[in-house]
Amino acid sequence: MRARIAGLSLTVVGIAGLLVAGSLRSPQAPVARTPAALETEENPAEPDEWMLLQRSTQDDIPANAFERAVKQMKAVAAETAETDPEVAEKEWELVGPSNIGGRLVDVAVDPTLADTVYAAAATGGVWKSTDAGSTFAPIWPSDLTQSMGALAISSNGTLFAGTGEANNGGGSIVYGGTGIYRSKDRGVTWEHVGLPDSGAIGRIAVDPTNPNRIFVASRGDLFRPGGDRGLYRSLDGGDTWTKVLAGANEITGAVDVAIDPVNPQNVYAAMWETIRMPELRVYGGMGSGLYRSQDGGATWTRLENGLPAASQAIGRIGVAVAPSTPNRLYAIVIETDGDFLGFYISLDFGSTWTVIPTATSTSMSQSTFGWWFGRVWVDPVNPNHVWVAGVSLVSSLNAGLVWASAPGVHADQHAMAWDPKVTGRVYLGNDGGFYRSDTNGLGTWTKATYEPYTQFYSVDVSQQDPSRYTGGTQDNGCLRSFDGAAMNSFGCGDGLQTLINYNNHTIYYGCSQYGSCNKQGGGSFGSTTSNRRGWFTPVEFDPNDPNIMYYAGNRLNRTTQGGGTWTAISPDLTGGPPPDLRYPNYGTIQTIAPAKTDGNRIYVGTDDGRIWSTPDLGQTWIRAEDPTLPERWVTRIAVDPADEDLAYATFSGFRSGSDTAHVFRTRDGAATWEDISGNLPNAPVNDVVILGGALVVATDVGVYVSRDAEEDEEGRHWLKVGDDPPLAPITDMRVHAATNTLYAASFGRGIYRVELEGLEG
């Protein structure tokens, strides 16, 4: 996240009347919204809105949609292994990067094994280090959801992983979690042990005196009310779970929990009222608050007496107990709009609280999106030494009177843990990866050297040298594998589209969110014309001349100079953002496809389900009116390199109980379309590549190939390509022609490649 991309005003509504039959629908009464006029460069929307809209198409993502898609994926994989083992046995190779890292949401230190620490990546599963955090190896099954929320280890070495990230925003909300998993062998094997409808897990706390007593803070599904939402307790090591603290309403869950290490009957839990839909965002309310149990979780009392009283203004809360002095607690309170509200201290087990007056919005580094953090940590030896997660990692040595930022670490903090076996050793996880300090966090932090769990939006590869590749990443900019000893950044905020000139790889491009692009290798990118630009703004080369490029907001722009001067060649090709939609950047072109055999023919697809083509370089535009096309987000269009009338379009969105497809084909220049989705899993399709007589598609649940020869009257038949990469969404693909290799970008597990021999048809 960046401060400038998280400043949306809060949508707060009365929840009564919105909950109908267990589903949140558009309200009948007037609702305060963020008008399109307020969506400016300083106040744009957030990346998770972009991902939500793709997958929901202005409706709920169906319950258990991801789990059903995974079952369908496994069925296709089993059939592929039986009918075409050559495809099933394709081996994906991790290209990298290994030195960049990505968002870590939690860390846990092994209680007995030296130098052993575990980390949970936002959409990259669970990782283990046996060298004090220098290098990491994956220990999470590749066929489970890679979306993680929390991690904990008991005194007997049992690991617990809570799936589904509870940090609202940031782009990682591709799909929620599937519950709690347990490993009794430190990550060698895992078993699902409950809360399948928890959506997202904010925190797991294990009683340090009793490894069988565990608390789980379940925030709940971000996109629908109810489910396994609230604070849960297990007394049998995770075999069974009981809800011990329910929310005040169907959209309130638990996001943090802390146990008194001396008297574990004292337990503290932070509740958070939150729900998200395309036209609605609630990040706080009357249900948000801090609670205490003094009988091990049997009964609970809401804590006030110095804390803010219940109101619609109360958002996320983080709480921590000082291990050496457990009567002392610290809490951070965030307003519903993401602003910092206050930092509080209690010296009597939470009975009374005092606000720290020197803790200000600036000193606490919450920017305008404090709901992205919500963590407090206390030095296990010094109760006056307290840390708070923010854009910067901030700490105080005098219980909050004076604050300082830790230098030398990436922005946006989420996880911190001390190693009880090594004095002064503390570990940190943030949006840039994993860090270690051996000076109690007061000196230099050392970054991990091998952590391949980066979230990629895009990938490109040099056609002259496949060792030169680029990619755009969430929170880690635009990356390149060259001009440095390791993969390194060449600018961008969040990195989105990257391109390499296919005739001259010394020229390449990188774009930040909302289409702010730069050109490397000489010259400037120049200015473009559009009223709106999407989070991922597409930029494409002409297939015959890389100096001719196309850029699209809600209008299509063209340059013949590789940048510099651009000319708009279309009107607004979208319907614009609906007046009740929270994402005012909606209403943009999302894919551009120039034809190789006809330089005047261009296809585009929009986020509101429109496909257009021009036969004369933009003088006229023809909208595809075929009623069989779905009204949902068009993710990619690919034109056959030998026939400008033959093209393929892919669509995003989960589907359940309907025949809405995800891959369509036209043979007549977009006049008519046919569904060729066949046996593909019911999951978003993010990209399509033409390989001679075959198609390859990238989805949220794997990569699939279909050959022309395997098409019959029932449509295309699809095969799953290999067992890997792990189950993070594949967002983009590129083919390196000379080596016949496919490169794939995953959102959470880096870039992979696979040899195409045997796939071409």
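Bear in mind these aren't lab numbers, they're just calculated from the coordinates by the rules spelled out. Computed from a predicted model, the values in this text were never measured in an experiment. Reconstructed Cβ throughout: ideal geometry from the backbone, glycine too, with neighbour counts over all protein chains shown.
Tell me the volume per residue, in Å³, of the convex hull enclosing the alpha carbons of segment 622-761.
So the per-residue hull volume is 113 Å³.
Note down the relative contact order for segment 638-761 as a percent, whole number, built from C-alpha pairs under 8 angstrom at least six residues apart. Before the final figure, lay out the partial values.
Details: 275 pairs, mean separation 22.0, N = 124.
Result for segment 638-761 is 18 percent.
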- [ ] Compute the separation of the alpha-carbon centres of segment 640-695 and segment 83-124 and state it in Å as a whole number.
- [x] 31
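So for segment 540-588, averaging the separation of alpha carbon pairs under 8 Å that are six or more residues apart and normalising by length, what relative contact order in percent results?
Values: 76 pairs, mean separation 12.7, N = 49.
26 percent.
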TODO: Would you mind computing, in nm to one decimal, how far apart the modelled labels at Thr672 and Leu347 are, each placed 7 Å from Cα along Cα→Cβ?
DONE: 8.3
Open item on the list: Per residue, how big is the convex hull of segment 588-702 when only Cα atoms are used? Give it in Å³.
Closed with: 91
- [ ] For helix 47-56, report the angle its Cα long axis makes with the longest principal axis of the Cα atoms of the chain; keep it between 0 and 90° and round to the nearest 10°.
- [x] 60
TODO: Once you have the Cα-Cα distance between Glu631 and Glu86, take 0.36 nm times their residue separation minus that, and quote the gain in nm to one decimal.
DONE: 192.6 nm
- [ ] Calculate, axis by axis, the spread of Cα positions in the chain along the three principal axes, and write the results as whole Å, longest axis first.
- [x] 76, 54, 51
TODO: May I ask for the distance between the Cα centers of segment 568-584 and segment 341-405, given as a whole number of Å?
DONE: 42
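Can you tally the net charge around Pro323? Count Lys and Arg as +1, Asp and Glu as -1, for every other residue whose Cβ sits under 14 Å from the Cβ of Pro323. Each step should come with its number before you reach the end.
On the way: positive: Arg328; negative: Asp207, Asp260, Asp379, Asp419.
That works out to -3.
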Open item on the list: Just to confirm my numbers, what's the Cα centroid distance between segment 226-257 and segment 511-558 in Å?
Closed with: 47
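What is the magnitude of the charge dipole of the chain about its Cα centre, with +1 placed on the Cβ of each Lys and Arg, -1 on the Cβ of each Asp and Glu, and no other charges, expressed in debye to the nearest 20? Please list the in-between numbers first.
Values: 55 positive and 86 negative charges, 489 e Å.
Rounded to the nearest 20 debye, it is 2360 debye.
Which FRET efficiency, nearest 0.05, do Leu235 and Thr358 yield, Cβ-Cβ r, R0 45 Å? Before the final figure, lay out the partial values.
Numbers: r = 42 Å, r/R0 = 0.93.
Plugging the Cβ-Cβ distance into 1/(1 + (r/R0)^6) gives 0.60.
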Task: Theoretical FRET efficiency, 1/(1+(r/R0)^6), r = Cβ-Cβ of Thr529 and Thr597, R0 22 Å, to 0.05 - done: 0.20
Open item on the list: Please list, by residue number, every one of the trypsin sites (Lys or Arg not before Pro) in segment 655-741 that is coil in DSSP and has at most 16 other beta-carbon atoms within 10 Å.
Closed with: Arg667
- [ ] Work out the charge dipole of segment 390-534 with +1 on the Cβ of Lys and Arg and -1 on the Cβ of Asp and Glu about the Cα centre, then indicate which of Thr446, Phe490, Pro466 is farthest towards its positive end.
- [x] Phe490
Open item on the list: Given the C-alpha atoms of segment 466-576, compute the convex hull and give its volume per residue in Å³.
Closed with: 98
Open item on the list: Let me see the P(r) profile for segment 666-740: every Cα-Cα distance counted, bins of 5 Å, each bin given as a percent of all pairs.
Closed with: 3, 14, 23, 25, 20, 10, 3, 1
TODO: Could you run the Karplus curve 6.51 cos²θ - 1.76 cosθ + 1.60 with θ = phi - 60° over segment 202-214 and give me ³J(HN,Hα) per residue in whole Hz, x for Gly and Pro?
DONE: x, 7, 10, 10, 10, 4, x, 9, 8, x, 8, 9, 9
Task: Principal axis dimensions, segment 196-291 - Cα atoms, whole angstrom, descending - done: 46, 25, 16
- [ ] Counting only GluC sites (Glu not before Pro) that are in a DSSP loop and have at most 16 other C-beta atoms within 10 Å, tell me the longest site-free stretch of the chain.
- [x] 305-624
Open item on the list: For the chain, take the longest principal axis of its alpha carbons; what is the angle in degrees between that and the long axis of helix 65-83, to the nearest 10 within 0 to 90?
Closed with: 50
Task: Non-local Lys pairs in the chain, i.e. 8 or more apart or on different chains, that have alpha carbons under 16 Å apart - done: 6
Task: FRET efficiency, Thr189 to Thr565 (Cβ-Cβ, R0 60 Å, nearest 0.05) - done: 0.50
Task: Rel. contact order, % - alpha carbon contacts under 8 angstrom, at least six apart, the chain - done: 12
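What translational diffusion coefficient, in µm²/s and rounded to a whole number, does the Stokes-Einstein relation yield for segment 201-358 at 4 °C and a viscosity of 1.567 mPa s, taking the hydrodynamic radius as the Kirkwood radius over Cα pairs? Before the final figure, lay out each step's value.
On the way: Rh = 15.6 Å.
So the translational diffusion coefficient is about 83 µm²/s.
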